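Asker: Sharing a structure below in structure tokens format, with a few things to ask.
The values are calculated or read from the model by the stated rules, or taken from the named source; none is laboratory data. Keep in mind it's a predicted model, so treat the numbers as computed, not measured. Don't worry about glycine lacking a Cβ; one is built from the backbone with ideal geometry, like all the others, and counts go over all protein chains shown. Note: accessible area is taken over every heavy atom of the protein model, side chains too, but ligands, DNA and RNA are not part of it. Shrake-Rupley method; radii C 1.70, N 1.55, O 1.52, S 1.80 Å.
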Amino acid sequence: WILLVSSIILFLFIKYLWPLLQNKLLKDTLLVPITITFDGTALELTALIDTGNDLFEPISNYPVIIVELVAMDIFFSKEVKALFEKGLEENLEDVEELVKDPKWASRLRIIPFESIGKSKGLMIGFKPDLVRINYENKTFDVKNTIIGVYQRILSSDGTYRALLNPVLLKE
């Protein structure tokens, strides 16, 4: 009987508890702290290393980090935040006005992308001064990256606020 009961308990552990434990451990290893510095202001976030994120800005070929708009409030004036909230398709004229501002002229980027449910989209992004990534006891200071502004929430429980392109961990 001891062998039978032990086998049943082991089966239940492998069948139900191990996938939950493995998922939790895997998710924790994929979460990394990052600091985005833009125009003298630093913002600390938790990012998820997204192995499915192979997004690059087409002109500079810099990798893109996708970040929630609401997480980056400290970077933008009300007018710029309103522009990012509307998205690119609705207000191309406003984007043109923003590019005339010297602060944004060399930083603003338009990023074409494809995702589930959207075959061809355009995302507004900007070039930060620096992104510092802490991963596996190493610090990566990345200057050649683009921040893609995402209008919705990435994680329903707030675990992470950004999707990190894994290419950035190889520099």
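Asker: How large is the accessible surface of LYS103 in square angstrom, using a 1.4 angstrom probe and rounding to the nearest 10?
Answerer: 80
Asker: Let me ask something else about it. Add +1 for every Lys or Arg and -1 for every Asp or Glu among the other residues with Cβ under 15 Å from the Cβ of ASP129, and state the total.
Answerer: So the environment of ASP129 carries a net charge of +3.
Asker: Round to the nearest 10 and report in Å² the accessible area of GLU44, as given by a 1.4 Å probe over the protein chains' heavy atoms.
Answerer: 150
Asker: With a 1.4 Å probe and all protein chains kept in place, how do LEU154, LEU45, LEU12 rank by accessible area, largest first?
Answerer: Per-residue accessible area, sorted high to low, gives LEU12, LEU154, LEU45.
Asker: Would you mind calculating the gained length between LEU130 and SER77 on full extension (0.36 nm times residue separation, minus the Cα-Cα distance), in nm to one decimal?
Answerer: 17.1 nm
Asker: Quick one: order ARG107, ARG132, ARG161 from most to least accessible surface, probe 1.4 Å.
Answerer: ARG132, ARG161, ARG107
Asker: Here's another thing I want to ask about it. Just read off the accessible area of SER106 with the full protein assembly in place, 1.4 Å probe, to the nearest 10 Å².
Answerer: 80
Asker: Just to compare against my own numbers: the Cα pair-distance distribution for segment 37-88, 5 Å bins, whole % per bin, please.
Answerer: The calculated distribution, bin by bin, is 4, 15, 20, 22, 26, 11, 1.
Asker: With all protein chains present and a 1.4 Å probe, how do ILE110, ILE74, ILE2 order by accessible area, largest first?
Answerer: Accessible-area ranking of ILE110, ILE74, ILE2, largest first: ILE2, ILE74, ILE110.
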